[in-house]
Amino acid sequence: MKPALFQIPVAKPLLNELEVEAVRRVVLSGWVTQGPEVAAFEREFAEFVQADHACAVSNCTTALHLALRAVGVGEGDEVITVSHSFIATANAIRYCAAIPVFVDIEADGFNIDPDLILAEITPRTKAILCVHQLGMPCNLEKIVGIGRNHGIPVIEDAACATGSEILWNGAWQKIGAPQADIACFSFHPRKVVTTGDGGMLTTANAEYDQKFRLWRQHGMSVPDTVRHGSKQVIYEVYPELGYNYRMTDLQAAIGRVQLARLPALVAQRRHLAELYREGLGNIPWLETPAEPSWARSNWQSYCVKLPPWLDQRDTMQALLDIGISTRRGIMNIHREGAYADKSSHRVAASHLARSVAAQEGAVILPLFAQMTQNEVSFVVEALRDLCIDRQAATA
Ligand SMILES: *Cc1c(COP(=O)(O)O)cnc(C)c1O
């Protein structure tokens, strides 16, 4: 075998001396967990997405847990969501002892099909948890409309969507404004900006924000920052069950640098996605992801649907053999062992055929800010060659 021309990872965070300097500053300050850096990161994030409130937490999974609890999801309640998502989406529902109700995705994308939601609403439905999958905004206008009509809160799993935008009431807004009731973000290295691990909740509801702040720190009535600065002795109390879901100041310092980079990162990702669209658009057998006129994706991932005669594993291996890393389509939560017990969830009567097809028949291609035009061309050409080769083999 020839040596690979390129070694192209599927994703790669952009971190450099600026982040190192930020962490150094925090280490030497002596205050290393949830403190002034977290507060500053929250202010800057709120300003960026134009949210009233932003609360930083340890990751997006804990953010989802707090969001669901804040809107009152509890034991035996149902939450309408998708199976075609990272497992954390549904796990957070189960942390509330509630039941995820899985509906299918749209025919022409990887997001929840809003037209399937209505049929699954029951008296036990306490929330809709929609996902902006791969960074592409889901159809919030329809989903929020359904939620408002039925008095059901809508939570956005915006783990992948930091920097994505949606046309809302005639103007472009950042995801997280929030357009629904609460939006939850992830800063895992696989996302567009990272703090190692980290998460953020945004909301327009001050009561929700107060709950997040209480619960993320053991339900403690007085945060460390207040006690530390006080000239008076303060005894804290613990009125409610809380958790340790804090973000550290080390993470927040990195997050502030990453947030400043975000507009440039998104612009570059959108440029690369456009190159993919142009290149792959000339390969008639592949289906490239469509961006609705009301959405601007941050292209956290670029996922293409393969023709039926192109086997997913074979495609991924052939690309890996020449140095191109890919990932299979988004998992289906209901097909995992953790969901083998049928009482753990409910599958919509409309079934999940598109979710299954997307898991088995789509491939996520490399896309990261440092990726070059040559690397995009190399991936495009490799896919074209493979399509021609495998089609000839099946003919
Ligand atoms: C990554 C991801 C999560 C989990 O985020 P963490 O910060 O790793 O907890 C949740 N939902 C979706 C859709 C994700 O992609």
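The values are calculated or read from the model by the stated rules, or taken from the named source; none is laboratory data. Here the structure is a predicted model, which is why all the values come from computation and not from measurement. Here the Cβ is made from the backbone with ideal geometry for all residues, glycine too, and neighbour counts use every protein chain on show. Each accessible area value is taken on the protein alone, full model and side chains, heavy atoms only, with ligands, DNA and RNA left out. Shrake-Rupley method; radii C 1.70, N 1.55, O 1.52, S 1.80 Å.
Quick notes
- Helices (runs of 4 or more DSSP H) contained entirely in the stretch 199-283, each with at least 3 residues that are under 30 Å from Ser297 (Cα atoms) and touching a strand residue (DSSP E or B) at 6+ places or on another chain (Cβ under 8 Å): 206-215, 249-281
- Residue check for Thr202: open to solvent by less than 20 Å² (accessible area, probe 1.4 Å), within 15 Å of Ile155 (Cα to Cα) and more than 12 Å from the chain's Cα centre (by Cα): yes
- Unique residue being among the hydroxyl-bearing types (Ser, Thr, Tyr), at pLDDT 95 or above, out of contact with any His (no Cβ under 9 Å at 6 or more places or on another chain) and surrounded by fewer than 17 Cβ atoms within 10 Å (Cβ to Cβ) when the list is Thr81, Thr122: Thr122
- Within the stretch 61-76, not a single residue is surrounded by fewer than 24 Cβ atoms within 10 Å (Cβ to Cβ), touching a Lys or Arg at 6+ places or on another chain (Cβ under 8 Å) and assigned to a strand (DSSP E or B).
- Residue list for the stretch 168-219, filter: polar (S, T, N, Q), in contact with a Gly (Cβ under 9 Å, 6 or more places away or on another chain) and farther than 30 Å from Lys12 by Cα: Gln217
- Of all residues in the stretch 353-395, those satisfying the criterion of being outside any helix (DSSP H, G or I) and at pLDDT 95 or above are Ala362, Val363, Ile364, Leu365, Pro366, Leu367, Phe368, Ala369, Gln370, Met371, Thr372.
- One residue from Ser58, Ser85 being more than 23 Å from Asp113 (Cα to Cα) and within 12 Å of the ligand (Cβ to nearest atom): Ser58
- The conditions of being within 23 Å of the chain's Cα centre (by Cα) and open to solvent by less than 20 Å² (accessible area, probe 1.4 Å) are not met by Ala353.
- Evaluation of Cys138 against (1) within 15 Å of the ligand (Cβ to nearest atom); (2) more than 16 Å from the chain's Cα centre (by Cα); (3) not hydroxyl-bearing (Ser, Thr, Tyr) (one fails), failing number: (2)
- Checking Leu241, Leu286 one by one, the residue that is loosely packed, with under 12 Cβ neighbours inside 10 Å and at pLDDT 95 or above is Leu241 and no other.
- Residue count for the stretch 88-105 under the criterion of being within 13 Å of the ligand (Cβ to nearest atom), over 18 Å from the mean Cα position of the chain (by Cα) and surrounded by 24 or more Cβ atoms within 10 Å (Cβ to Cβ): the result is 0.
- Count of the stretch 287-304 residues, restricted to those that are assigned to a loop (DSSP other than H, G, I, E, B) and either within 15 Å of the ligand (Cβ to nearest atom) or free of Cβ contacts under 8 Å to residues at least 24 places away in the same chain (or both), is 6.
- Residues in the stretch 70-87 that are touching a residue at least 40 places away in the same chain (Cβ under 8 Å) and more than 19 Å from the chain's Cα centre (by Cα): 8 in all.
- Filtered by the rule that a residue be in a loop (DSSP other than H, G, I, E, B) and open to solvent by 80 Å² or more (accessible area, probe 1.4 Å), the stretch 1-51 gives Met1, Lys2, Pro3, Leu5, Gln7, Lys12, Leu15, Gln50.
- Reported count of residues in the stretch 109-135, each being over 26 Å from Gly76 (Cα atoms) and either more than 11 Å from the ligand (Cβ to nearest atom) or of a type in the set (Gly, Ala, Ser) (or both), is 2.
- Among the residues of the stretch 44-60, those that are closer than 16 Å to Phe187 by Cα and not aliphatic (A, V, I, L, M) comprise Glu44, Phe45, Phe48, Cys55, Ser58, Asn59, Cys60.
- Close pairs (8 angstrom Cβ cut-off, 6 or more residues apart or separate chains): in the same structural domain as Ala369 (by TED's automatic domain parsing) and of a type in the set (S, T, N, Q) in the stretch 275-286, assigned to a helix (DSSP H, G or I) and open to solvent by 20 Å² or more (accessible area, probe 1.4 Å) anywhere: Asn282/Arg384
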